[in-house]
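The values are calculated or read from the model by the stated rules, or taken from the named source; none is laboratory data. A quick note: this is a predicted structure, and the numbers were derived from the prediction, not measured. Note that each Cβ is placed from the backbone with ideal geometry, even for glycine, and that neighbours are counted across all protein chains shown.
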Amino acid sequence: MSRYDTKTIEPKWQAAWEQAGTFVATRDEAKPKYYVLEMFPYPSGRIHIGHVRNYTMGDVIARFKLATGHNVLHPMGFDAFGMPAENAAMASGGHPKTWTYDNIDTMVEQMKPLGFGLDWSRMFATCDPEYYGQQQAMFLDFMEKGLVYRKNAVVNWDPVDMTVLANEQVIDGKGWRSGAEVERRELTQWFFKISDFSEELLEAIDGLDDWPAKVKLMQQNWIGKSRGLEFAFERVDGGDPIAVYTTRPDTLMGAAFVGISPDHPVAKALAAADPKVEAFRAECQKGGTTEEALEKAEKLGLDTGLTVRHPLNPNWELPVWIANFILMDYGTGAIFGCPAHDQRDLDFCRKYALPVTETFVPEDTKLAPKSILDAEFVDGDIAEVHGTRYFRLHDQAYVPPKTERVRWINHFAGLDLATGDEAIDATIAVAERDGWGKGVTNYRLRDWGLSRQRYWGCPIPVVHCEDCGVVPEKKENLPVELPFDEDGKPIDFSVPGNPLDRHPTWRDCACPACGKPAKRETDTMDTFVDSSWYFARFTAPREKTPTNMDDAKYWMNVDQYIGGIEHAILHLLYSRFFARAMHICGHLPKSAIEPFDALFTQGMVTHAIYVTRDENDRPVYHFPEDVEIHESGARLGATGEEVEVIPSAKMSKSKNNVVDPVAIIDQYGADTARWFVLSDSPPERDVEWTAAGAEAAFRHLSRVHRISAEIAEGGDTGTGDDALRRAMHKAIHDVTMGVESFGFNAAIAKLYAFTNVLAKAKASHAARREAIITLAQLMAPMTPHLAEEIWATQGGEGLIANAPWPKADESLLVEDTVTLPIQVNGKRRSEVTVPKDLPKAEVEKLALADEAVVKALAGGQPKKLIVVPGRIVNVVI
RNA sequence: GCGGGCGUGAUGGAAUGGUAGACAUAUCGGACUUAAAAUCCGUGGGCCGUAUGGCCGUGUGGGUUCGAGUCCCACCGCCCGCACCA
């Protein structure tokens, strides 16, 4: 009997698929098309077991769709621009281009033995000039349609290296290499006008029926539509009024101060005249640009000495403060602070001794007069004195949901009991009636800054001309290619800053408008641009235009997109924007403006970390192969030292817990790796790689292989054909459901169960042969090599990859009798087996006659009797 | 800080609001073997009980329901994102 020899089996079938062109996609109007795509990898160097999981899921879908009669497109490429290539060049003196293409070669070589059903003929990398040249062409189209513009924006500035830093390169507010305190600095940058699409991108989320609800919710919150009031505070000194935007105009009577951003024009004007203000602005510019850093930073304020008049009472003057937590990018860059109903404002006002005024109190309370002592407020903000409940603020701002009714104090629109939403409406109405403000809709979504001051990215194809200004490059001059050399030598990346900026010749060019000598733009594009349209490019990857409309019409949309949850917002939102922009420029049909019909977000593959401590109590990480697991705990194989096990940690080179797919394939074969990454956890959740789990997967596949070999040797073993066929059709049904609903782990559990039945089945040779062939077909999307091998062993024609998916015989799925649990007051007490169509009344009779029920009733009558046909009986006493 | 998610035996997990723990792993017991490996059979949430069986049990505390792992509220813990990481 032949053993399960993956080293022979797997390359054999991979060669067979390649020779047959099984996965090469060509347009065929006669068949329904199916486009399945996994988020393409960054060529970091080696493939990761996480990639294996991602692509295996896609491959299961692709092979399943092929078997169900679809014309499948399942391509692969590389998201190849980005910082790590430059970092590698900086660290070891190579070139980003060489590093990247070497990595791509390695990774392709590592992916092929996994047997993915990919159309490799469509592969490209985003750093191919053929790709980024088309991207530049689209950029010019976007410019023409007014979708691109320039403005100032803040970046992380390293004052020692004199260079812009990515957020990732800012560690605890310091530059990663120089260690210098990072500053926020303004730079003129290129932007895509994604904010023009805020409403459309928000509304269209409703139509994304096959996206996870959590992703849709995150995108909605990110776009952040809000309704509010815009108005201006008159300055007492007669200067330009200060415009503010607020989502809580109902709290206007609780205003304590007006706050402006350190980057607000008024703040800048004051700073020009007053070094104290300038020093404060400089203080505010310390640290990185992330919203997290800004939000967590200590709240700082500076009283400008300016005052403004309250719009509802000209005698009420409010101080103007500069505050570091106010963003110039959102609203008008100025707010009014209402400490009673906003925690951040409350903290600020307590810190700077500004007054706190409630504008509303809980419905069943009164505002506490001063005469009620603090001591009465034993439990937070409410005190009860002589039967009356009084409210007064303490440490927490009072922020009830806007849909909750509250009691208003001195509301100028005459409200008494009303919800926040009603009060906002009333306030906006009054402001509009009296002409001092207007209701506006605002979005949190900001325009997409795409400029990067780095080398390894797609050059922005514009030219700066002294006479003509910013001029788009001519399309016939595309691609604007990155230079490989400078002064005849490969570019030196050991110097901080953008090599394009200091390149001796690359910048020099002729102005596309007037022909005079001019300078190229040296900013390159954000790598998110590259990944925002690659899915469209896969439909016609060699086209001399960004897309081919016929191909795009045929293949788009992506029917199933699969990738990590970490891309839930940015990548997916940018792609949705890009599809719309491409449609406007004639590169995609209208039908493709929502490019991903269905989205699935898969979890990570994790692995335990093994740690010991050195003499200074610093952690020492050990490779799994150096650790022995005993019942009493884990120990180092060499020394017997006890090892701490941290389960389910993200794989990381520095923690020595990375599982290399290449080693796994070598040890067990690709099918085992594929089977394991699908089997133990639901695909949306993290799965922990364990040696025992991989071993178990391998044992199971060996067992299936062995069963096939036994059956091939023939012989009838009994007469249980009927039971085996029932189990088989149940398996067909369950596995089909599992695959269609991304329940891969559940599908695999059903395959285990069916295998157990088949292994023990006493049945005719014909029935057993039918069962093993069906099992192979059901396993084929997950373990395609083993499936082909069994198919061939059992004399199947052609390739199993092309065989039609088995169909479940519905008549064999239904049982004649069902066993119903009988509950008494919701607790299971007994059960009764009845014919499946037994009328409800009969079931009730049987239930009431049940020994346990009779005992529980003790002669009495049940209060209620619930019979759910085919499910359960509940007797309520 | 803000937004989103997750939490079930020793372990990974299963379960259209309807018998919690399918399937797999560890463990333990047995068969086969001179022996081991492989394989096969059984055991496999906790407590009590020889057993039929009983009580408890899905992070914690409350709620809705005839019935809650599942729905709602609060809390705790962990994970993801926060616009220049990909």
Selection within the stretch A:355-380 - under 42 Å from the mean Cα position of the chain (by Cα), more than 18 Å from A:Arg248 (Cα to Cα) and crowded, with 19+ Cβ neighbours inside 10 Å: none
Which members of the stretch A:767-798 meet the condition of being surrounded by fewer than 19 Cβ atoms within 10 Å (Cβ to Cβ) and either closer than 23 Å to A:Val677 by Cα or in contact (Cβ under 8 Å) with a residue 24 or more places away in the chain (or both)? A:Arg769, A:Thr793, A:Gln794
Can you find a residue that is of a type in the set (Val, Ile, Thr) and surrounded by fewer than 24 Cβ atoms within 10 Å (Cβ to Cβ) anywhere in the stretch A:29-46? no
Could you tell me which numbered condition A:Tyr561 fails, if it satisfies all but one of (1) assigned to a helix (DSSP H, G or I); (2) surrounded by 23 or more Cβ atoms within 10 Å (Cβ to Cβ)? (1)
Quick test for you: out of A:Thr774, A:Thr755, pick the one residue that is in contact with a Phe, Trp or Tyr (Cβ under 9 Å, 6 or more places away or on another chain) and of a type in the set (Ser, Thr, Tyr). A:Thr774
For the stretch A:743-774, how many residues meet the condition of being within 14 Å of RNA strand B (Cβ to nearest atom) and of a type in the set (A, V, I, L, M)? 10
Can you pull out every residue in the stretch A:63-98 that is surrounded by fewer than 20 Cβ atoms within 10 Å (Cβ to Cβ) and within 16 Å of RNA strand B (Cβ to nearest atom)? A:Asp79, A:Met83, A:Pro84, A:Asn87, A:Met90, A:Ala91, A:Lys97
Please specify each residue of the stretch A:413-446 satisfying the condition of being under 17 Å from A:Gly331 (Cβ atoms) and surrounded by 19 or more Cβ atoms within 10 Å (Cβ to Cβ). A:Ile424, A:Thr427, A:Ile428, A:Ala431, A:Gly437, A:Leu445
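To keep it simple, each residue is scored yes or no on (1) over 30 Å from A:Thr8 (Cα atoms); (2) free of Cβ contacts under 8 Å to residues at least 60 places away in the same chain.
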residue	(1), (2)
A:Lys112	no, no
A:Asp128	yes, yes
A:Gln135	yes, no
A:Met143	yes, no
A:Asp161	yes, no
A:Val170	yes, no
A:Phe192	yes, no
A:Trp211	yes, no
A:Lys216	yes, yes
Could you go through the stretch A:82-98 and let me know if any residue there is within 21 Å of A:Glu543 (Cβ to Cβ) and touching an Asp or Glu at 6+ places or on another chain (Cβ under 8 Å). no
Set A:Phe600, A:Phe578: member being in contact (Cβ under 8 Å) with a residue 12 or more places away in the chain, among the aromatic types (Phe, Trp, Tyr), away from RNA strand B (no atom under 13 Å from the Cβ) and assigned to a helix (DSSP H, G or I): A:Phe578
Could you go through the stretch A:797-819 and let me know if any residue there is within 16 Å of RNA strand B (Cβ to nearest atom), at pLDDT 85 or above, assigned to a loop (DSSP other than H, G, I, E, B) and under 30 Å from A:Asp5 (Cα atoms). no
Tell me yes or no: at least one residue of the stretch A:48-66 is outside any helix (DSSP H, G or I) and either among the hydrophobic types (A, V, I, L, M, F, W, C) or closer than 27 Å to A:Thr783 by Cβ (or both). yes
Odd one out for A:Pro839 among (1) in contact (Cβ under 8 Å) with a residue 12 or more places away in the chain; (2) away from RNA strand B (no atom under 13 Å from the Cβ): (1)
Helices (runs of 4 or more DSSP H) within the stretch A:197-276 that include 1 or more residues over 28 Å from A:Asn410 (Cα atoms) and within 16 Å of RNA strand B (Cβ to nearest atom): A:198-204, A:213-223
What number goes with the only condition from (1) crowded, with 18+ Cβ neighbours inside 10 Å; (2) under 22 Å from A:Thr98 (Cβ atoms); (3) touching a Ser or Thr at 6+ places or on another chain (Cβ under 9 Å); (4) touching a residue at least 40 places away in the same chain (Cβ under 8 Å) that A:Trp506 does not pass? (4)
Of the conditions (1) more than 19 Å from A:Thr98 (Cβ to Cβ); (2) of a type outside the set (Gly, Ala, Ser); (3) within 16 Å of RNA strand B (Cβ to nearest atom), A:Pro472 clears all except one; give me its number. (3)
Is one or more of the residues making up the stretch A:508-525 under 20 Å from A:Val164 (Cα atoms), touching a Gly at 6+ places or on another chain (Cβ under 6 Å) and modelled with pLDDT of 95 or more? yes
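For A:Thr56, indicate whether it is over 30 Å from A:Ile569 (Cβ atoms) and among the hydroxyl-bearing types (Ser, Thr, Tyr).
Considered against the rule, which asks whether it is over 30 Å from A:Ile569 (Cβ atoms) and among the hydroxyl-bearing types (Ser, Thr, Tyr), A:Thr56 comes out as no.
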So, in the stretch A:284-301, of the ones that are without any contact (Cβ under 8 Å) to a residue 40 or more places away in the chain and not in a helix (DSSP H, G or I), which residue ends up surrounded by the most Cβ atoms within 10 Å (Cβ to Cβ)? A:Leu300
Six or more apart or on different chains, Cβ under 6 Å: which pairs go from a residue in the stretch A:698-711 that's farther than 15 Å from A:Gly669 by Cβ to one that's in a helix (DSSP H, G or I) and of a type outside the set (Lys, Arg)? Could you list them? A:Ile707/A:Ala759; A:Ser708/A:Ile772; A:Ser708/A:Ile790; A:Ser708/A:Thr793; A:Ile711/A:Ile772
Among the residues of the stretch A:18-56, which ones are in contact with a Pro (Cβ under 8 Å, 6 or more places away or on another chain) and at pLDDT 95 or above? A:Ala25, A:Leu37
In the stretch A:310-350, what count of residues is obtained for those that are under 32 Å from the mean Cα position of the chain (by Cα) and in a loop (DSSP other than H, G, I, E, B)? 11
